[in-house]
Amino acid sequence: MDKLLRNKKAIVIFMAPAFILFTLVLFVPICQSVYYSFCEYKGITAPKFIGLANYKALLTDKTLGFAIKNSIFFLVFSCVSQLIMGLFLAALLTNIKKGRNLFKNIIYLPCVLSSAALGLLWMFIFSPKLGINQLLEKMGVEGPLWLMDTKGFIILPMWVIAFVSLWQYVGQSMMLYMAQISGISKSLFEASYIDGCTKPQTFWHITLPLIRPMVATAMSLNAIGSLKFFDLIFNMTEGGPNHRTEVLATHLYQQGFKYFKYGYASAIGVLLLIMCLLVTLFINKVVKTEQYEM
Amino acid sequence: MDAAVKTENEAKKLLTADDIADKKEKLTLPKVIIYIFLVLTAIVYIAPLLWVFNVSFKTNREIFSAPFALPQDITFDNYTFAWTAGKLGIATLNSFIVCVITLALSMIIGSMAAFGIGRLRWKGSKLAMTYFLTGMMIPVHCVLIPLFTRFAKLGLSNNLLGLILPYLTFALPITIFIMTGFFESMPNELIECACMEGANLFQIFFEICLPLGKTGLFVTGLMTFIGNWNELLLAMVFISDDAKKTLPVSLSKFVGPYNTNYSQMFAAIIIAIIPTIIVYCAFSNQIVDGLTAGAVKG
């Protein structure tokens, strides 16, 4: 049997398709992308090496400033809000028996739906004359321009989009926390009740420490997801008004496929890649501590 | 035997009595608050979908004159328009083709590699796993431009194959990761037995390991299918021919600021999400548990 499992030919046959695809469609393009980021490359002409010029241009790009600010806003907002709301919903749902599945499935539903379609749906709900504003009008209140307002440091459309993304993806975090909470042994809870803990105390001192590893997983999923954020913004505001809701992904798309500045867009891509790697490392270092026996 | 049935029934009765006690204890004030909060949350989730569904049957004028009333008469004109003139029909077909092919290929190629890593014995298997896993952290945006220029040269832009290749590649890491776990946890004796019976590696893989890894295949398949069905960016960049666009792209193009017929756009949104909703309603428990299992392992 050992001979069979060490058969070199078989190993090659089993590994080759995945390996070739992975290398050709993922790793070679990544290297190319890094190379292009040092080039002037406008699509028609061949890429021409220009050193750090693209990166220097990044520093003075005003839209990129908005994009980075907004991406970081999404990153922080989605990590914090999903952690709080996800844990809160998970704690509520693990405390009830009747209807648990129903509520769980309802809250998870948007996670499987197309965010392109949901973005359009919410775009109409928050549009000037439809949806929420019609409802407000009935109550005699004049609704704001949800997706066009430009006042403040973090403008209103960003909060609206952040709310929609929380609405769409909180089910994912909730499910992860629920899975972890239901894996905690019942005897631990019983012991804490016998010792006179109240439910909130039990949650704080027993549940929370035990689900910490899952917090790291869920957070890094959220963080990477929020950096990759594209569909919702593209369909809700297309980066407008006046580029104020642009994020890295939409800016890359605009520069690359509207203005065909491939070299410059590649530099944005490299920036995005570095941010993704850094954030993952950071979260795993800070949040992931020792694993407890459960 | 009667006695046995009787005690069983009694046990059942006891159980229900317990349950009742449980329920009585449950209706405390905190529980009521929890339920009220959950119901409100559920409304926030369902109301937008119901609103769009309701409005999609109205005429454009009705949307503004009676926004929240039920539609006066139900017509499917909006839907037929979105399906044909909005090209959502052909887009649904394209999405289906792309997703099914990607699904089948990713399952086969991914689980073959997983079998190679989890079961075959060679020195580089750990390293190969790391190689595939780094792929999970890489955002698709970073490879967009090189892939686009390469595919344009190869004649793969405006071609469904040009979508299938990257979709497949980005589905591989999670497939390999989950399936390797499944293959590693299978008992050695199974494979030893098969070896003694004279089975070759391919028989072991296709006739023993794959059928046993069904749960894993279901989970990864689900994730792959849903992810690709909803993918917008790659599809938007690679496909410009209307007849080859996938559902999210056609939808985003049809529903936009330049179209002023709202009810048709609402119908288009419903067309785009209703298949997923129906499938979700039918298999929600398996889907939710499956996706969570996948994410936990990931």
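FYI, it's all coordinate maths here, none of it is from the lab. As the structure is a computational prediction, the values presented were derived from the model and not from experiment. Methodologically, a virtual Cβ is constructed for each residue, glycine included, from the backbone with ideal geometry; neighbour enumeration extends over all protein chains shown.
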About the Cα centre of chain A, how large is the charge dipole given +1 on each Lys and Arg Cβ and -1 on each Asp and Glu Cβ? Please answer in debye to the nearest 20. 560 debye
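Give me the net charge for the shell around B:SER157: Cβ to Cβ below 11 angstrom, other residues only, Lys and Arg +1, Asp and Glu -1. Please report the intermediate quantities before stating the final value.
On the way: positive: B:ARG150, B:LYS153, B:LYS244; negative: B:ASP241.
Charge balance in the 11 Å sphere: +2.
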What shape does chain A have by the C-alpha gyration tensor, where a ≥ b ≥ c are the square roots of the eigenvalues, rounded means a/c under 1.5, and otherwise prolate means a/b greater than b/c and oblate the rest? oblate
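Please give the charge dipole size of the protein assembly as shown, origin at the Cα centre, charges +1 on K and R Cβ atoms and -1 on D and E Cβ atoms. Round to the nearest 20 debye. Provide the component values of the computation, followed by the final result.
Working: 46 positive and 32 negative charges, 237 e Å.
Approximately 1140 debye in magnitude.
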Using DSSP to define loop residues, name the GluC sites (Glu not before Pro) in the range A:148-254 whose beta-carbon has at most 13 other beta-carbon atoms within 10 Å. none
Could you list which residues have their amide H under 5 Å from that of A:CYS39, counting only those 5 or more apart in sequence or on another chain, with H placed in the peptide plane? A:ILE50
Quick one: of A:LYS48/B:LYS253; A:LYS228/B:LYS153; A:LYS56/A:LYS258; A:LYS97/A:LYS138; A:LYS129/B:LYS31; A:LYS151/A:LYS228, which pairs are farther than 29 Å apart, Cα to Cα? A:LYS48/B:LYS253; A:LYS97/A:LYS138; A:LYS129/B:LYS31
Hey, if you put +1 on the Cβ of every Lys and Arg and -1 on every Asp and Glu Cβ in the protein assembly as shown, which of B:SER56, B:ALA85, A:MET139 ends up farthest toward the positive end of that dipole? B:ALA85
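Counting only C-alpha contacts under 8 Å and six or more residues apart, can you give the relative contact order of the range A:29-270 as a whole percent?
Numbers: 292 pairs, mean separation 88.0, N = 242.
That works out to 36 percent.
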Mind checking the range A:208-294 for chymotrypsin sites (Phe, Trp or Tyr not before Pro) that DSSP puts in a loop (not H, G, I, E or B) and that have at most 15 other Cβ atoms within 10 Å? A:TYR259, A:PHE260, A:TYR292
In the range B:128-207, the GluC sites (Glu not before Pro) that fall in loop regions by DSSP, at most 13 other Cβ within 10 Å: B:GLU197
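How big is the dipole moment of the range A:205-294 about its Cα centre under a simple scheme where the beta carbon of each Lys and Arg is +1, that of each Asp and Glu is -1, and everything else is neutral? Debye, nearest 20, please.
Details: 7 positive and 5 negative charges, 41 e Å.
It works out to roughly 200 debye.
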What list of ³J(HN,Hα) couplings, whole Hz, do you get for the range B:94-106 from phi and the Karplus terms 6.51, -1.76, 1.60, once you set θ to phi - 60° and write x for glycine and proline? 4, 4, 4, 4, 4, 5, 5, 4, 4, 4, 4, 5, 5
Test item: A:97-103 mean partner chain Cβ contacts at 10 Å: 4
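When the helices in chain B are scored as -39500 (n - 2.57) per DSSP H run of 4 or longer and the sum is shared across all residues, what 222 nm value do you end up with, to the nearest 500 deg cm²/dmol?
Values: 13 runs with 222 residues, N = 298.
After summing the helix terms and dividing by residue count, I get -25000 deg cm²/dmol.
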